[in-house]
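Visitor: Got a structure for you, questions after.
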Amino acid sequence: MGNAKDSSNKVISINRKARHTYHISDTFEAGIILLGSEVKSLRLGQGNLVDSYASDENGEIWLRNFHISDYQPATIFKHDPMRPRKLLLKKKEIGKIVGSIRKQGMTIVPLSIYFNYRGIAKLKIGIARGKKIHDKRQDIKSRDWQRSKARILRSKNN
């Protein structure tokens, strides 16, 4: 019998813009408090992390601007698509995140949301610092160089 953790996670949404806009220094896996209709909507892949962010409020981390579309079969228990959602982290992790934000001027960026091997919705967040324009250009140059290098190596091997 194989280990249950070996099975892959079902990714719902990835914030691709985050890696382009920020230097991610550290990542954490956080639980997220959701309503039943929100979970069902996420299982259908209807979550959008673009323009979402996390903030510290009274020693708790809250996710803002995370859009979860309405679940159509839900009748009475509909949810607000843009409501703030509390993230579940350990006290040490919250302390580390809050310390980085306050001392080093960093921000919390949601990177992806997925269902883990047990079927529980998890959010991957990162502690990040904004990139300057020249950093973004340098990333594009290095990515182009890696692509052309791989192309050259492939043509030599054939």
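Visitor: Tell me which residues, restricted to region 43-60, are more than 14 Å from the chain's Cα centre (by Cα) and either buried (at least 21 other Cβ atoms within 10 Å of the Cβ) or part of a loop (DSSP other than H, G, I, E, B) (or both).
Guide: Leu44, Gly45, Gln46, Asn58, Gly59
Visitor: Looking at (1) touching a Leu at 6+ places or on another chain (Cβ under 9 Å); (2) of a type outside the set (Ser, Thr, Tyr); (3) over 30 Å from Ile133 (Cα atoms), which one does Ala18 not meet, given that it meets all the others?
Guide: That leaves (3) as the condition not met.
Visitor: Can you tell me how many residues in region 69-109 are touching a Gly at 6+ places or on another chain (Cβ under 7 Å) and surrounded by fewer than 17 Cβ atoms within 10 Å (Cβ to Cβ)?
Guide: Here the count works out to 2.
Visitor: When you check Thr21 against the structure, is it at pLDDT 90 or above, under 19 Å from Ile101 (Cα atoms) and of a type in the set (Ser, Thr, Tyr), yes or no?
Guide: No.
Visitor: Something else about it: Can you name every one of the strands (runs of 3 or more DSSP E) wholly within region 67-140 that holds 1 or more residues which are among the charged types (D, E, K, R) and under 20 Å from Phe28 (Cβ atoms)?
Guide: In region 67-140, the matching strands (runs of 3 or more DSSP E) lie at 85-88, 121-130.
The values are calculated or read from the model by the stated rules, or taken from the named source; none is laboratory data. Keep in mind the model is a prediction, meaning the values are calculated, not measured. Glycine gets a Cβ as well: all are built from the backbone with ideal geometry, and neighbour counts include every protein chain shown.
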